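In what follows, a structure is listed as structure tokens, so that the remarks can point back to it.
The values are calculated or read from the model by the stated rules, or taken from the named source; none is laboratory data. Model, not experiment: these values are computed from the prediction. Glycine also receives a Cβ, built like all others from the backbone with ideal geometry; neighbour counts cover every protein chain displayed. What goes into the accessible areas is simple: the full protein's heavy atoms, side chains included, and nothing from ligands, DNA or RNA. Shrake-Rupley method; radii C 1.70, N 1.55, O 1.52, S 1.80 Å.
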Amino acid sequence: MQVDMNISIATPITKLLGIKHPILLAPMDLVADGRLVAAVDAAGGFGILGGAYGDEKWIARELDVLAHAKTRFGVGFITWSLAKQPKVLDRALEHKPMAVMLSFGSPVPFIEHIKSTGALVICQVQSAALAREATAAGADILVAQGTEAGGHGASRGLITLVPEIVDLVQGGTPVVAAGGIADGRGLAAALMLGAAGVMMGTRFYASQEAAGAQAAKESIRKATGDDTLRSIVFDISRRNVWPAPFTGRCLRNTHLDRWFGHEIELLRHLDEESAKYLAARQAGDFDIAAVIAGEAAGLIHDIPSVQEIMDRVVHEASTLLARVIAT
């Protein structure tokens with residue numbers, strides 16, 4: 001890691017991805033669209049399109065946006081869902097992404113095919129065991145995701161998970177930290193733990209360019225980390241329960257408070273509650289519909305541009321790291 005007075009932090013990630021800052025955009029479903037990815041690229045980071053469950057029409061439209069913007073980009077998929085519709089991966093690879101990110105499931109069936117096209121493979125992992133599997137399969141970058149993260153994840157805290165995985169790979173594969181990071185303190189801390197960069201989701205969700213509803217962004221701005229909860233309530237409500245051990249973190253709301261700890265009862269009333277949930281999502285009613293955000297919400301107090309977010313994070317981290325180097 002090198003820090004200079006021109007506010008740049010050079011790490012193996014910046015070199016590998018050809019970016020100015022070691023900051024990646026999390027591939028948030030529907031939120032990380034072409035516009036947000038392009039904004040992160042323009043600000044010096046690396047944007048990853050939220051391919052999620054593989055909605056071909058949405059992905060094709062957003063890839064066209066990126067093609068016109070002439071942006072370097074990645075595409076992220078939920079691995080266990082991709083296994084059900086592998087053709088969507090081929091559609092994405094036709095657009096020559098710089099990287100494909102695989103999360104939540106074994107990457108082994110896909111890595112060789114992705115790398116044969118020249119794309120890098122980014123694997124998000126939530127445990128040392130998953131890191132070993134991804135590394136053995138040939139992952140180019142590991143994202144160590146702590147339980148603090150918004151959306152789906154597992155149970156390990158970031159502050160021990162990152163150095164454990166860094167020690168495991170012994171410098172052979174760059175590790176990116178994800179979960180609870182929204183400012184320069186988080187970036188500096190991740191680098192000190194041995195990570196080569198960070199991935200941010202919730203912080204970029206609450207940005208001007210993100211595709212999320214303004215009301216959802218305002219909910220993040222007003223929330224504290226205490227206002228988030230990891231559960232399976234919103235998965236049940238939208239009839240999309242994930243395989244173990246993955247649960248989803250979102251902001252607490254009336255619906256979550258009503259059904260958390262009462263999931264069996266929710267299943268008994270699923271027809272009625274699922275219909276209510278779907279209607280709430282369509283109407284932007286976030287008393288019922290989930291705002292998928294992590295504990296980093298407590299560090300977010302405004303909704304600025306991506307460029308402003310990037311400038312702040314890098315400046316603060318550079319200042320902190322320079323202070324450490326000076327001593």
When the accessible area of the chain is split by element with a 1.4 Å probe, what percent falls to carbon and sulfur?
54
Label-point separation, SER8 to GLU56 (7 Å along Cα→Cβ), nm:
4.3
By how many nm would the segment from ASP311 to LEU278 lengthen if fully extended, with 0.36 nm per residue of separation less the alpha-carbon distance?
8.1 nm
Helix axis angle, 128-137 relative to the chain longest principal axis, alpha carbon, degrees
70
Hits among aspartates and glutamates - C-alpha to C-alpha of LYS70 under 13 Å, sequence gap 8 or more where chains match:
ASP41, GLU62
Please state the charge dipole magnitude for the chain, taken about the Cα centre, from unit charges on C-beta atoms (+1 on K and R, -1 on D and E), reported in debye and rounded to the nearest 20.
420
Name the aspartates and glutamates eligible as straight-distance cross-link partners of LYS222: C-alpha to C-alpha under 20 Å, and not fewer than 8 places from it in the same chain.
GLU148, ASP183, GLU209, ASP257, ASP285, ASP287, GLU295, ASP302, GLU308
Sequence-separation-based contact order of the chain, relative, with Cα cut under 8 Å and 6+ spacing, percent
18
For helix 56-69, report the angle its Cα long axis makes with the longest principal axis of the Cα atoms of the chain; keep it between 0 and 90° and round to the nearest 10°.
30
Positive-end residue of VAL108, GLY171, GLY186, charge dipole of region 88-208 with Cβ unit charges:
GLY186
Quick one: which residues, 5+ away or cross-chain, put their amide H under 5 Å from the amide H of GLY51? H built at 1.01 Å from N.
GLY76
I'd like the distance between the alpha-carbon centres of region 49-117 and region 193-228, rounded to an integer number of Å.
23
To the nearest 20 debye, what is the magnitude of the charge dipole of region 115-184 about its Cα centre, counting +1 on the Cβ of each Lys and Arg and -1 on the Cβ of each Asp and Glu?
180
Simple spin-label model, 7 Å along Cα-to-Cβ: ALA322 to ALA83 in nm?
4.9
Taking a probe of 1.4 Å, how large is the accessible area per residue of region 210-327, in Å²?
50
May I ask which residue of ILE122, GLY74, LEU142 lies farthest towards the positive end of the charge dipole of region 55-184, with charges of +1 (Lys, Arg) and -1 (Asp, Glu) on Cβ and the Cα centre as origin?
GLY74
Roughly what angle does helix 158-169 make with the longest principal axis of the chain, taking Cα atoms, 0 to 90 degrees, to the nearest 10?
50
From the cross-link list LYS20/LYS87; LYS84/LYS115; LYS87/LYS115, the entries with a Cα-Cα span beyond 26 Å are LYS20/LYS87
So I have (1) 15; (2) 27; (3) 11, and one of them is percent of Cα pairs over 37 Å apart calculated from this model. Which one is it?
(3)
Any idea what the relative contact order of region 1-114 is, in percent, if you count C-alpha pairs under 8 Å spaced at least 6 apart?
20
Can you tell me the dipole magnitude for region 213-327 around its Cα centre, using point charges on the Cβ only (Lys, Arg +1; Asp, Glu -1), in Debye to the nearest 20?
180
